[in-house]
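The structure under discussion appears below in the form of structure tokens.
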Amino acid sequence: MAKKRRRREKPVSTGSIAFRIGLSSGFSLLLIFIVLDVVLFCISILPSLIDETGNIQPVFNNYNDFYIFIREWNIDILLRVEGIIVLLWVIFETLKVRARLRPLEDFGDAALKLEAAIDKLSPDEEDQKLETGYAELAGLETAVNKLMTRMRDSYRQQARFVSDASHELRTPIAVIKGYADLLDRWGKTDEKILEESIEAIKSESDSMQHLVEQLLFLARGDSGRTTLNVTDFDVTEVMKEVCEESAMIDQAHTYLFEGEEPVPASGDVSLIKQATRILIENASKYTPEGGEIKLRSLNVNGHPAFSVQDSGIGISESDIPHIFDRFYRSDDSRSKQTGGSGLGLAIAKWIVERHGGHFEIISRKDIGTRITVVLF
Ligand SMILES: Nc1ncnc2c1ncn2[C@@H]1O[C@H](COP(=O)(O)OP(=O)(O)OP(=O)(O)O)[C@@H](O)[C@H]1O
Ligand SMILES: [Mg+2]
């Protein structure tokens, strides 16, 4: 359905508003004069209206009498003076109101100029800034320019997110297509090719599914569609549970748990578990087989916290500020061919920040990494 554009009313000029106010004020003065004149008229004819005997007499026997009365009392001059006073009053009031409304008119002009300048702004042109030339609007211009910069940043981030996501999905699709072609040509009869292709297609579609689930999580989070199911829980209990579960799934590493005291917290337990699993998955992925992975529940300055520590490849100092960026993977992890898209920690960050928490990272190359999550 076509959107109905709101019709803009033609602005009424301040001059015409001032004139209308002046006119109505003049009209009020005129009414006062009329009332005064009527009272004066009554007072002046009263003595001639009643004679000595107390009877009412006609004041004017003819038009001439009335004319003489007007000349005698100078009523014509009085009316003219009153008329001039009313006229001058209208002019005076109009000018006074106009002067008072002038700042409003200037503001209206500035607003129109601002609107025209905003209309010209484009989300793509980085260097474009809002400039109206009005000193009074400098604060507003700065605010709009800051808003534009933030909008451009978020626009750029969204565009990069879509392009990175498409790029990540292209690889598994290409692999699946390659194996499908291989099967089509030679695989139907060759059992070895058949098996290899089925394995590869299964593995690629698994990683594609994982990637799509990660993308959906972040997209839902960005659009505010993920709600937290907040309950009270014991961090120690949850960490113990996740530690046991990880030890069962991953037998290539040794899992340890430390933390005997209960650490009460409140939050969405399933999301907290998801964030912990992301940290454990990284610890396992970037730690050589046989290495140790240690989970802890603790209190940090009175705040509930937990940490995941590994004895793996470590993260270089220059990579640490970027590891929570979407699709960021350090060169080391790429060259290690561990697989992954670089979205795990972005998801963990979203979860932790939604709980009002933050991360603390200590890492040494080839010694290991400890990531602590401090909740609210
Ligand atoms: N425990 C760790 N040891 C060494 N490097 C790590 C560790 N945790 C994270 N990193 C680095 O941070 C990067 C980002 O981690 P993240 O979990 O976001 O992505 P990923 O593990 O590469 O892929 P995904 O989690 O999406 O499968 C990793 O690629 C790796 O370079
Ligand atoms: Mg990961």
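The values are calculated or read from the model by the stated rules, or taken from the named source; none is laboratory data. Computed from a prediction, not measured in an experiment: that's the story for all the values here. Here the Cβ positions follow ideal geometry from the backbone for every residue, glycine too, while neighbour counts run over all protein chains shown.
Yes or no: region 12-26 includes at least one residue that is at pLDDT 75 or above and farther than 17 Å from Ile91 by Cβ. Checked region 12-26: at least one residue is at pLDDT 75 or above and farther than 17 Å from Ile91 by Cβ. For region 311-323, the criterion of being in contact (Cβ under 8 Å) with a residue 60 or more places away in the chain, within 8 Å of ligand 1 (Cβ to nearest atom), assigned to a loop (DSSP other than H, G, I, E, B) and not β-branched (Val, Ile, Thr) is satisfied by no residue at all. Exactly one residue out of Arg100, Arg71 is under 60 Å from the mean Cα position of the chain (by Cα) and assigned to a helix (DSSP H, G or I): that is Arg100. The set of residues from region 219-244 being farther than 16 Å from Lys273 by Cα and touching a helix residue (DSSP H, G or I) at 6+ places or on another chain (Cβ under 7 Å) comprises just one member, Gly221. Restricting attention to region 217-243, the residues that are surrounded by fewer than 12 Cβ atoms within 10 Å (Cβ to Cβ) and out of contact with any Ser or Thr (no Cβ under 8 Å at 6 or more places or on another chain) total 4.
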